[in-house]
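In what follows, a structure is listed as structure tokens, so that the remarks can point back to it.
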Amino acid sequence: MDLATIIGLAAGVILILSSIVIGGAPLAFVDIPSVLIVVGGVTAVTFIMFPMRTVMGAVKVAVKAFKEDTWNLDEIIDQMVSLSRLARTNGILALEDAEKEITNPFLKKGIQLAVDGNEEELIRFIMATDVSFTQQRHAIGQKVFKQMGAMGPAFGMIGTLIGLVQMLRSLDDPSSIGPSMAVALLTTLYGALIANLVCLPIANKLEYRSREEALAKQVITEGIISIMQGANPKVLKDKLEAFVAPGMRKEKRDGGSGGEAAGEAA
């Protein structure tokens, strides 16, 4: 599980609930009509804007926001360097046996394309196309949550207007002003919470995950092409690490650069 997402969401909920409880009368912040207006309205409009399969798919994609990233660049680079050593020692066809132990489907596809003897440009095109269309699919899921985030405050305002109309119609009955004002104010609160605590953060986390996956796939693509070109494992490691921010690089992979260089010389 992605602790950052869980901690952030839990902290937001706890802080808001704590402030409500400390302020007294927590039940005053519970209003069923306000929930129906905001949650029901946002859900209804989402199904109007997107096909059923897109909305349901976005819900499944949202799970990625709560899972740790599986595209570990350090592990991928280590794996590409190992494959490079194997290919330089036993030839490119030796990667076919190594492919059986690889669980990453994108890397398996790249190795299979290389082993089958395809041209470098064709392999690059196929893998780049995979990345492009994957990002397009991810963008649809992100858009669903971004639109839900935009609709939350809008339906909060609609609820506020409904509450104000009810309040103005019953000014001669002081006992009904309170409930009407509750609807007017709580819908705005609910809409803001749905947008800024749930929908928009999830959309941004999914966008971040998509960029991480695209970067990892680019590293794999460059690694496969370099292996086909017979790149030295040390050079390949340096080349692939260029994709990683300096502060995020694993400084002493396989005993450090010096140890690896010595191993290559031996």
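From the residues in segment 14-25 that are in a helix (DSSP H, G or I) and open to solvent by less than 60 Å² (accessible area, probe 1.4 Å), which one is farthest from Leu206 (Cα to Cα)? Please lay out each step first, then the result.
Restricting attention to segment 14-25, the residues satisfying the condition of being in a helix (DSSP H, G or I) are 14-23.
Narrowing further to those that are open to solvent by less than 60 Å² (accessible area, probe 1.4 Å): 16, 18, 20.
Numbers: Ile16: 24, Ser18: 29, Ile20: 30 Å.
Applying the filter and picking the extreme gives Ile20.
Out of the residues in segment 158-180 that are under 44 Å from the mean Cα position of the chain (by Cα) and open to solvent by 60 Å² or more (accessible area, probe 1.4 Å), which is modelled with the lowest pLDDT?
Ranking the qualifying residues of segment 158-180, first place goes to Pro179.
Which ones in segment 108-153 are more than 25 Å from the chain's Cα centre (by Cα) and part of a helix (DSSP H, G or I)? Spell out the reasoning first.
Initial filter on segment 108-153 (more than 25 Å from the chain's Cα centre (by Cα)): 111-123.
Listed by number, the residues that qualify are Ile111, Gln112, Leu113, Ala114, Val115, Glu120, Glu121, Leu122, Ile123.
Can you tell me which residue is modelled with the highest pLDDT among those in segment 89-118 that are under 22 Å from Ala214 (Cα atoms) and open to solvent by 80 Å² or more (accessible area, probe 1.4 Å)? Steps first, answer last, please.
Of all residues in segment 89-118, those under 22 Å from Ala214 (Cα atoms) come to 99, 102-114.
Still in the list and also open to solvent by 80 Å² or more (accessible area, probe 1.4 Å): 103, 105.
On the way: Thr103: 84, Pro105: 90.
Result: Pro105.
Regarding segment 63-83, can at least one residue be identified that is farther than 19 Å from Glu212 by Cα and buried (at least 17 other Cβ atoms within 10 Å of the Cβ)? Step through it out loud before you land on a result.
Start the filter on segment 63-83 by keeping residues that are farther than 19 Å from Glu212 by Cα, which leaves 81-83.
This time we only want the ones that are buried (at least 17 other Cβ atoms within 10 Å of the Cβ), so: 81, 83.
So far as segment 63-83 goes, yes, one or more of its residues are farther than 19 Å from Glu212 by Cα and buried (at least 17 other Cβ atoms within 10 Å of the Cβ).
Using beta carbons and a limit of 6 Å, which pairs, at least six apart or on different chains, have the first residue in segment 15-27 and within 15 Å of Leu193 (Cα to Cα) and the second one part of a helix (DSSP H, G or I)?
Filtered contacts from segment 15-27: Ile20/Pro26; Ile20/Phe29.
Evaluate the following for Glu75: is it assigned to a helix (DSSP H, G or I) and over 30 Å from Val45 (Cβ atoms)?
Working: assigned to a helix (DSSP H, G or I): yes; over 30 Å from Val45 (Cβ atoms): yes.
Yes; evaluated as a whole, the condition is true for this residue.
So, Ala242, is that one at pLDDT below 60 and open to solvent by 10 Å² or more (accessible area, probe 1.4 Å) or not?
Working: at pLDDT below 60: no; open to solvent by 10 Å² or more (accessible area, probe 1.4 Å): yes.
Answer is no for this residue.
The values are calculated or read from the model by the stated rules, or taken from the named source; none is laboratory data. Not measured: the values here are computed from a predicted model. Glycine gets a Cβ as well: all are built from the backbone with ideal geometry, and neighbour counts include every protein chain shown. What goes into the accessible areas is simple: the full protein's heavy atoms, side chains included, and nothing from ligands, DNA or RNA. Shrake-Rupley method; radii C 1.70, N 1.55, O 1.52, S 1.80 Å.
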